[in-house]
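Can you keep this structure in mind? I'll have questions shortly.
Any read-out appearing in this document is the output of simple, stated calculations on the displayed coordinates, not a laboratory observation. A quick note: this is a predicted structure, and the numbers were derived from the prediction, not measured. So basically every Cβ, Gly included, is an ideal-geometry build from the backbone, and we count neighbours across all protein chains shown.
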Amino acid sequence: MATPAQLGLMDAASPVMEEMIYFHDHVMLVLILITCLIFYSMLVLISSKYIYRFLTDGHVIETVWTVIPAIILVVVALPSLKLLYLTDELDNPQLTIKSVGHQWYWSYEYTDYYDIEFDSYMLPLGDLSKGDARLLEVDNRVVLPVDTSVRVLVTAADVIHSWTVPSLGLKMDAVPGRLNQLALQCSRVGTFYGQCSEICGANHSFMPIVIEAVPVEVFEGWCDMMLDEESLGSLNMKR
Amino acid sequence: MSDDAEKSWGPKHFIQNTPCARNSFLYGMGGGAVGGFAYFLWTSNPRRSYHALVVSFTATVLLYWVPCRYQYAQKRLKSRMINQGLKTHIVMQGTPEAELLASAQEQGTKS
């Protein structure tokens, strides 16, 4: 999750997010160079004691300051478009989960192999343990196998929400009556947090998303646990 | 996250944590100084020498950054391929498919 006063991007946990960070580095360099050039131009103009009263046009400089920004835009746009289409690519997903936004919680369905459905509510302040993140922890996390291509189908049951996990580079609007598709692949084991990103009412800030990426064997054990009849009542599950 | 960890932000964060950034700017500053000074020796015009310094700085940064990031991307791709190959090898070890793959690779290296 983000650290206090963090300004930069979170560490990447998926290949797509890594590519976004590299693209960010590329564009940041272009912006720094442009900013240096602008500051230098301002300094030169301010420090100059000469002025040309009869200046009306300058064809050469006008051509230069049209062509160079066009080239800069192409240099930025080409990797941007490549990344944009990369985020839409889905490589034979091995698992499909559904994420449904409600006011004000998320519900998840794993219906590929078994019928596993559960709701995910934010843990209130009184229920947090020591070390838990305020406004980010949930009662039931989304458990996924690591290094596995997952398809997430995002929709909503009432108003528009947005399913977001910044460290995986994921954001998709959950629109009622529409099914949006996300490609997800966690490249490392860990817990990744996100929050609803579309204003959806009074508790919009209090419906977080928590993804727990675990080894495949642990994921299988979790599925068995979720299917266990005895734990149904304590997990706010439907079956 | 340690409370004692130094928090950097802005250009310092970018230069410290981005691959190729530190060297790009160091070479850029050096190249800019050399370019500006050389122009001054040639023309004895301080104002235009500063312009040459800025242009040399920008050009040197870009000339180092682009190849460096390209090589970094190539290394990243190779490391991903190696990791994937190792994982496939571990998963398929002892299976008939692994033997078929090994023999196909041997034929590929011989040809």
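To the nearest 10 degrees, how steeply does helix B:46-92 sit against the main Cα axis of chain B, on a 0 to 90 scale?
It is inclined by approximately 10 degrees.
Between A:T111 and A:I68, what's the calculated FRET efficiency when r is the beta-carbon distance and R0 is 51 Å? Round to 0.05. All intermediate terms of the calculation are to be shown ahead of the outcome.
Working: r = 54 Å, r/R0 = 1.06.
Step by step, r from the Cβ atoms, then E = 0.40.
How would you rank A:H161, B:H51, A:H102, going from fewest to most other Cβ atoms within 10 Å of each one's own Cβ? Before the final figure, lay out each step's value.
Working: A:H161 32, B:H51 15, A:H102 18.
Final ranking by Cβ density, sparse to dense: B:H51, A:H102, A:H161.
Please give the contour-minus-distance gain from B:N17 to B:S103: 0.36 nm per residue of separation, less the Cα-Cα distance, rounded to one decimal in nm. Mind dumping the intermediate values first?
Working: separation 86, 0.36 × 86 = 30.96 nm, distance 4.36 nm.
Gain on extension, B:N17 to B:S103, equals 26.6 nm.
While we're looking at this one, here's another question. With labels modelled as points extended 7 Å from the Cα through the Cβ direction, what inter-label distance (nm, one decimal) is found for B:Q71 paired with A:V30?
Between B:Q71 and A:V30, the simple spin-label model gives 2.4 nm.
Taking the alpha-carbon centroid of each part, what is the distance from the range A:171-203 to the range A:1-71 in angstrom?
After rounding, the separation between the Cα centres reads 32 Å.
Still on this model: Once Lys and Arg get +1 and Asp and Glu get -1 on their Cβ, which of A:F219, A:Y114, B:L53 lies farthest toward the positive end of the dipole of the protein assembly as shown?
B:L53
Moving on to the next point. Determine the shape class of chain B: with a ≥ b ≥ c the square roots of the Cα gyration tensor eigenvalues, call it rounded for a/c under 1.5, and otherwise prolate if a/b is greater than b/c, oblate otherwise.
Values: a/c = 7.40, a/b = 2.19, b/c = 3.38.
Since a/c reaches 1.5 but b/c is at least a/b, the shape of chain B is classed as oblate.
Exposure proxy check: A:F54, A:F192 ranked by fewest other beta carbons within 10 Å?
A:F54, A:F192
Moving on. Which value, in debye to the nearest 20, gives the size of the charge dipole of the protein assembly as shown about its Cα centre, when Lys and Arg are +1 and Asp and Glu are -1 at the Cβ?
2460
Further, regarding this structure: In chain B, if the dipole is taken from +1 on Lys/Arg beta carbons and -1 on Asp/Glu beta carbons about the Cα centre, which of B:I90, B:T18, B:G28 is farthest to the positive end?
Toward the positive end, the furthest listed residue is B:G28.
Sticking with this one: Hey, got the dipole for the range A:86-237? About the Cα centre, +1 on K and R Cβ, -1 on D and E Cβ, debye to the nearest 20?
Numbers: 8 positive and 23 negative charges, 138 e Å.
So the dipole magnitude of the range A:86-237 works out to roughly 660 debye.
Find the relative contact order for the range A:49-164 and round it to a whole percent, using C-alpha pairs within less than 8 Å whose residues are 6+ positions apart.
27
For A:L123, list long-range residues whose amide hydrogen, built 1.01 Å from N in the peptide plane, is under 5 Å from its own amide hydrogen.
Under 5 Å from the amide H of A:L123: A:E137, A:V138, A:D139.
Okay, next question. Mind giving me the nanometre distance, one decimal, between the label points for A:K49 and A:Q181, set 7 Å out from Cα along Cα→Cβ?
Modelled inter-label distance: 7.0 nm.
Please identify the DSSP H helices in chain A that span no less than 24 Å along the helix axis (Cα) and have a mean Kyte-Doolittle hydropathy of -1.0 or more.
A:15-47, A:59-88
Then there is this: At a threshold of 8 angstrom on Cα-Cα distance, excluding pairs fewer than six apart, so keeping six or more, what relative contact order does the range A:150-219 reach in percent?
Computed over the range A:150-219, the figure is 31 percent.
So which residue, out of A:E18, A:E117, A:E220, gets the largest mean-square fluctuation from a GNM of chain A using Cα contacts under 10 Å as springs?
A:E220
Considering only B:L41, A:L168, A:A77, whose Cα is most displaced toward the positive end of the charge dipole of the protein assembly as shown, charges sitting on Cβ of Lys, Arg (+1) and Asp, Glu (-1)?
So the residue we want is B:L41.
List the relative contact order of the range A:95-238 as a percent without decimals, with contacts defined as Cα pairs under 8 Å and 6+ residues apart.
27 percent.
Just to be sure I understand: with springs between alpha-carbon atoms less than 10 Å apart, which residue in A:L182, A:L144, A:L55 has the highest mean-square fluctuation in the Gaussian network model of chain A?
Comparing A:L182, A:L144, A:L55 in a Gaussian network model of chain A, the most mobile one is A:L55.
Here is a follow-up. So what's the range A:90-164 giving for Cα Rg divided by 2.2 N^0.38 Å, two decimals?
The range A:90-164 yields a ratio of 1.22.
Would you mind estimating how fast the protein assembly as shown diffuses translationally, via Stokes-Einstein at 20 °C and 1.002 mPa s with the Kirkwood radius over Cα pairs, in µm²/s? If you can, show how the numbers build up before the last one.
Numbers: Rh = 24.8 Å.
Rounded to a whole number, D works out at 87 µm²/s.
Could you please rank B:T18, A:T148, placing first whichever residue has the fewest other Cβ atoms within 10 Å of its Cβ?
A:T148, B:T18
Another question, then. Would the range A:95-238 count as rounded, prolate or oblate if I go by the C-alpha gyration tensor, calling it rounded below 1.5 in a/c and otherwise prolate when a/b exceeds b/c, oblate otherwise?
Numbers: a/c = 1.30, a/b = 1.14, b/c = 1.14.
In terms of gyration-tensor shape, rounded.
Test of understanding: in a Gaussian network model of chain A with alpha carbons linked when under 10 Å, which of A:I71, A:I46, A:I32 would top the mean-square fluctuation ranking?
A:I46
If a/c stays under 1.5 just call it rounded; otherwise compare a/b with b/c (prolate if a/b is bigger, oblate if not). Do that for the range A:15-88, with a ≥ b ≥ c from the square roots of the Cα gyration tensor eigenvalues.
Judged from the Cα gyration tensor, the range A:15-88 comes out oblate (a/c at least 1.5, b/c at or above a/b).
Can you check how the C-alpha radius of gyration of the range A:192-232 compares to 2.2 N^0.38 Å, as a plain ratio?
Dividing the Cα Rg of the range A:192-232 by 2.2 N^0.38 Å gives 1.65.
Sticking with this structure for a sec: What distance in nm separates the two pseudo spin-label positions at B:K78 and A:A5, each 7 Å out from Cα along the beta-carbon direction?
Result: 4.1 nm between the two label points.
Another question, then. Dipole magnitude of the range A:2-67 about its Cα centre, charges +1 at Lys/Arg Cβ and -1 at Asp/Glu Cβ only, in debye to the nearest 20?
Values: 2 positive and 6 negative charges, 109 e Å.
The dipole of the range A:2-67 has a size of about 520 debye.
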